[in-house]
1. Enter the accessible area of residue 129 (Å², nearest 10), with the probe set to 1.4 Å and all protein chains included.
2. Accessible area, 1.4 Å probe, largest first: how do 47, 174 sort?
3. Leaving out ligands, DNA and RNA but keeping every protein chain, what accessible area does residue 59 have, in Å² rounded to the nearest 10, with a 1.4 Å probe?
4. For the range 31-91, rounded, prolate or oblate, judged on the Cα gyration tensor with a ≥ b ≥ c (square roots of eigenvalues), a/c < 1.5 rounded, else prolate if a/b > b/c?
5. Heavy atoms only, probe 1.4 angstrom, no DNA, RNA or ligands counted: give me 148, 29, 57 ranked by accessible area, highest first.
6. Of all the C-alpha pairs in the range 52-204, what % are more than 27 Å from each other?
7. Relative to the present Cα-Cα distance, how much length would full extension add between residue 173 and residue 53 at 0.36 nm per residue of separation?
8. Where does each of 175, 166 land when they are ordered by accessible area, with a 1.4 Å probe and the largest first?
Amino acid sequence: MSRLFKRPLNFQRPAQARIGRWYELKNLSADVAEIAIYDEIGMWGITASDFVKDIQSVTAQQIALHINSPGGDVFDGLAILNALRQHPANVSVTIDGLAASAASFIAMAGDTVRIAPQAMVMIHDASGVVVGNAEDMLDMADLLDKTSNNIAAVYAQRAGGTVEDWRAAMKAETWYSDQEAVDAGLVDEILQTSQDTPEDVAPVRLVARAPEPQPSVAWDFDISEAIKQAKESAA
C-alpha cells in the first residue's frame, strides 16, 4: 500500500484545518514590527512560505514576537525559526500564554525571550502519521527520531545541556511553568507586569495624619458679650 501521508508534526492536539493566517504582522513604528503567532502553525492555516515572505519585507530594527500557540508543522516551524534567526532585526520574544510543540522552538529564535506570569512552555517528541507496509513504518520511525533530535538541538543551543538530555525531556512531554522555563534556560525572565513592584523600589508606607484639633465653641464664644451687643442694638 502506498504512503498517503508522511510528514512529522510537532503538535499536541488535533485541530480542524482553518483557512486564513495563523499570525499577524503589523508595524508599530518605523523601528518596531510586531508579530503575533496566536494559532496553529503551518498546515492548519497557510504555510510558512507566506510568513517568511512577509518577514523578509520587514525593515524595522526590532521585531516584537508574541506567542500563544499549541504548535503545528515541524518543518514550517523550523523555517520560521531560521527566518527569524537570519533577519537582521533584534528579535524580542514574549510568550503570552502557551508556547507548545513547534511554537516552543520558534520561541528560541529570540535574542531575548520573556514569559508572562502563569504562561507555559511544552516540549515533546515529533509525531506523525503513515499508511503503508512494515518498511514504511520503520522509515517513518527513523525520520521522527532524526526530526526530534534536530528539535532537541535547538533547545540545547539556547539553554545548554546535551541533545540526549533534551530528548529525554521531550519524550516525557514536559510542561514548564513560567519559573521552570527560566530555570531550564529556555526563557530569560518572567515578564514584569504593572502589578509587580521592582526590587530596587522601596515600598511606600502611608501614614494617616491625626486631624488638627478644632476649637471648641464653648471656649471661643463669649455669651455675655453677645447679650450686651444685643441690648445695645435694641436700644
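1. 80
2. 47, 174
3. Here the residue's solvent-accessible area equals roughly 130 Å².
4. Working: a/c = 2.07, a/b = 1.61, b/c = 1.29.
Since a/c reaches 1.5 and a/b is larger than b/c, the shape of the range 31-91 is classed as prolate.
5. Solvent-accessible surface, decreasing: 57, 29, 148.
6. 29
7. 40.0 nm
8. Reading off the accessible areas and sorting them downward yields 175, 166.
The values are calculated or read from the model by the stated rules, or taken from the named source; none is laboratory data. In this text the structure is predicted, and so the values were computed from the model without any measurement. Remember, those area values only see protein heavy atoms, side chains included, never the ligands or the DNA or RNA. Shrake-Rupley method; radii C 1.70, N 1.55, O 1.52, S 1.80 Å.
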